[in-house]
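The values are calculated or read from the model by the stated rules, or taken from the named source; none is laboratory data. Worth saying up front: this structure is predicted, and the values here are computed from it rather than measured. When we count neighbours, we look across all protein chains shown, and the Cβ atoms used for this are built from the backbone with ideal geometry, even at glycine.
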Amino acid sequence: MKIIVNGRETIVKQGAIIEDIIDKYAKEYDIVIYNGYPITDFKVLLNEGDNLFFIKKGVLPDKDELEYLMIARHTPNIYNKLKKACVGIAGVGGLGSNVAFALARIGVGNIIIADFDVVEPSNLNRQQYFIKDIGRPKVEALKDSLKMVNPYINIETYNVKLDSSNIREVFKNSFIVIECFDKAEEKTMLIKSLVPDKIVIAASGVAGYGDNDAIITRKINDKLYIVGDFEKEAGIGMGLMAPRVMIAAAKQANLAVEIIINL
C-alpha cells in the first residue's frame, strides 16, 4: 500500500506499523508527525494514504520539505486552499502585524500588506516589531520578520497611505481584506471602497484589557464582518495593549482562514 513519508510516496506492506517505517526510513529524528499530529506511540497501524513526517530539531528544511510538513499538519486539501489564497491587510500596526504573523505561520501563500508609517518605540507594547526595527517602514520590517517565519510565501508591500484613490488598486488581487486601521473615518473609507467587491473583516473596540469574551465577531452581511467589543475605543486612560489586541487579531485571522477553507 502507498503512504507519504516526508512528502514522498512510499510503498509499505499491509499491516505495517509506524515503528517499521522509522526503522527503515528515519535515520535521525526528534519529532514524528502522523496525519497532522505529533505522536509518541509508534505501534500505530498504518493505512493507505497516511502521511508521516520526521523532523530533526535545529535543521532548516528546504522549500519542499517545509511544504510537505505544512501539508502533514493541515492535510492536503486545507493546505492547498491556504497556499493559493491572497489576503490583504490594511494597516500593519497592532492588529495588522499580528494578523500577518498568524496567516504566515499557517501558510497563506500570498499576503499583501499596506501602511505608510515607520516603527517607533511606542509600537513595541503590542505590535510585532523589535528594537532593531525602530525607524524602518513598517511594511519592510514586517516583511523581513514574516520571511523569518516562512521564507517561501509571497509578501507584497505598499509603503503608502491608503485612501479611496488607491485602495482598490492595492488590494485588487485579494478577495479578503482585513481592516486594521486606527481611525473610524479610515475604517469607513475602506468598507465603502471595497464592499461588496471584496470580503472585509474589520475591527471596532479593542482597547484596554480584561473580559476576553467581550471581543466577538459580528456578521453584517456576506461581505462584511466586524470583530471587537464595539465599545472600548482607544483614548486617555484606555490605551491599546498587546493581549487584547492580539485576541482581536487572532479572531480576524481565524475568520479569514474559515472563509478560505469553506469556499
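Details
- Options Met241, Met189, Met246: the member that is over 22 Å from the mean Cα position of the chain (by Cα) and of a type outside the set (Val, Ile, Thr): Met189
- Scan of region 128-137 for residues that are crowded, with 17+ Cβ neighbours inside 10 Å and over 20 Å from Ile106 (Cβ atoms), ordered by number: Tyr129, Asp133, Pro137
- Strands (runs of 3 or more DSSP E) contained in region 138-250 and holding at least 1 residues buried (at least 17 other Cβ atoms within 10 Å of the Cβ): 154-158, 176-179, 199-203, 224-228
- Criterion violated by Phe116 - all others in (1) part of a loop (DSSP other than H, G, I, E, B); (2) within 13 Å of the chain's Cα centre (by Cα) satisfied: (2)
- Note on region 1-22: residues that are acidic (Asp, Glu) and exposed (fewer than 11 other Cβ atoms within 10 Å of the Cβ) amount to 1.
- Criterion applied to Glu186, Glu179, Glu231 was being among the acidic types (Asp, Glu), within 24 Å of Ser122 (Cα to Cα) and either modelled with pLDDT under 95 or not assigned by TED's automatic domain parsing to the domain that holds Cys86 (or both), and the one residue passing it is Glu231.
- The residue pairs whose first member lies in region 51-79 and is in contact (Cβ under 8 Å) with a residue 12 or more places away in the chain, whose second member is polar (S, T, N, Q) and assigned to a strand (DSSP E or B), and whose beta carbons are closer than 6 Å, counting only pairs six or more residues apart or on different chains, are Ala72/Asn51.
- Scan of region 119-137 for residues that are within 15 Å of Met241 (Cβ to Cβ), out of contact with any Gly (no Cβ under 7 Å at 6 or more places or on another chain) and not in a helix (DSSP H, G or I), ordered by number: Gln128
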